[in-house]
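No lab work stands behind these numbers, since they all come straight from the coordinates. What you see is a predicted model; the values in this text were computed from it and never measured. Here the Cβ positions follow ideal geometry from the backbone for every residue, glycine too, while neighbour counts run over all protein chains shown.
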Ligand SMILES: O=C(O)C1=C[C@@H](OP(=O)(O)O)[C@@H](O)[C@H](O)C1
Ligand SMILES: C=C(OP(=O)(O)O)C(=O)O
């Protein structure tokens, strides 16, 4: 059998330094938040530049089954108009399929609180391993009834909403441990203003991963006219009761985390890669990426050409190891940074990312497996990953596993820039957030 019959994608090798501009589609995190917030409103909202990928299709299908219309523009398929149910009540007696999407499995259950009957939730079998309990405990504290059909605290489950969501004017106080994922907090905050009396959410855990993603949720609530407040030090978030309404048209920023493999390629292969429409300020954790790449030795510029702001990353093929490197804020980009650090001049311990064991796959274990597979040196730490560079001559090509994880696939492609002959299993798994990845990657190298 040849490579294509075995569903193996030959990762292109970088035989010369790069000079490329890569247009990255809309942010997954912003797209799926805007879809939820638009569904909670009372007037239609037009979303421009929406990501069209497996995770956003799953979100739109979930909303449709709850009675929300998501109308795709016939000319531009990244423009989508969301029309909430006319009486604001979601349809119950329905099923939601979450695939492997954290934003669907942790954000849509909140909507089921306001459905007119029970809602069944299921997902990919691999999603059964992802933690769900804190967000569902939170909904239970608000009066929902959760019935687990498999293991307690995991998919699949049914949410039966309270007959009437408590009408008392007192604020509902909810306590959960969100150290396993920031999405538990975000999922509850998104519906907080629909809770009569509002929501006071306490996070009881010691650590708060992906704080920028929680700040993104709060900022998007503000952008929907909701009064929300964060006391991050005390780990308490409050949302005032009131209407949710995004503006008539909302434009989605490019996905800065999905820019990471491309911009990181400039460090690995040398040369320059630019991503246009880089926002001046952003709530995306990917906004931290240029600073991280600079610490690894890249030159970073933000030129404005014909009114468009670019992030431009230039590398000379050398990568600085970072020693102890706290990545609590942006664990999502750990696989991309790990690929760069395999080629560094000194070890790096990426810390604060123990919760990556509950991502699409156990990413810490997967990264150790795949770095070891090509002859590199990595080991799991209780709260992260240590990567120790090895001489380039020790690195060898291999058939890389991707674990149905889009970021493990792009990680393997990054290694392939400098390890000639890497074959990647199931590159199509990048469809979770970047369906055109293989073409984009090949064009970057052309
Ligand atoms: O809220 C979001 O949009 C996300 C939050 C983060 O989740 P964790 O806090 O579980 O890492 C991130 O990794 C994920 O890709 C998207
Ligand atoms: C962790 C991720 O996704 P999810 O939204 O499914 O949690 C990710 O995209 O890196």
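Values as computed for the structure displayed
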| quantity | calculated |
| --- | --- |
| Virtual spin-label span in nm between residue 233 and residue 206, 7 Å along Cα→Cβ | 2.1 nm |
| For the range 168-241: rounded, prolate or oblate by the Cα gyration tensor [a/c cutoff 1.5] | oblate |
| Distance between the range 105-173 and the range 384-446 - C-alpha centres, whole angstrom | 36 Å |
| Extension gain from residue 277 to residue 295, taking 0.36 nm per residue of separation minus the Cα-Cα distance | 4.2 nm |
| Segment residue 151-residue 394, length gained on full extension (0.36 nm per residue, minus Cα span) | 83.2 nm |
| Geometric extent, Cα atoms of the chain - Rg, Dmax (angstrom) | 21.7, 68 |
| Taking the C-alpha atoms of the range 28-251, convex hull volume expressed per residue in Å³ | 105 Å³ |
| The range 28-251 - share of DSSP beta bridges that are antiparallel (%, nearest 5) | 65 percent |
| Distance (nanometres) between label positions extended 7 Å along Cα→Cβ at residue 69 and residue 19 | 5.0 nm |
| Ascending count of other beta-carbon atoms within 10 Å, so fewest first, for 46, 194 | 46, 194 |
| Likely footprinting exposure, 70, 145, 311, fewest C-beta neighbours within 10 Å first | 145, 70, 311 |
| Relative contact order, percent, the range 343-429 [alpha-carbon distance under 8 Å, six or more residues apart] | 27 percent |
| Label-point gap, in nm, between residue 443 and residue 141 - each point 7 angstrom along Cα→Cβ | 4.7 nm |
| Considering only the chain, percent of DSSP beta bridges that pair antiparallel, nearest 5 | 65 percent |
| The chain: relative contact order as a whole-number percent, Cα under 8 Å and 6+ apart | 17 percent |
| Rg(Cα)/(2.2 N^0.38 Å) for the range 45-118, N = residue count | 1.09 |
| Linear extension gain, residue 81 paired with residue 346, 0.36 nm per residue minus alpha-carbon span | 90.5 nm |
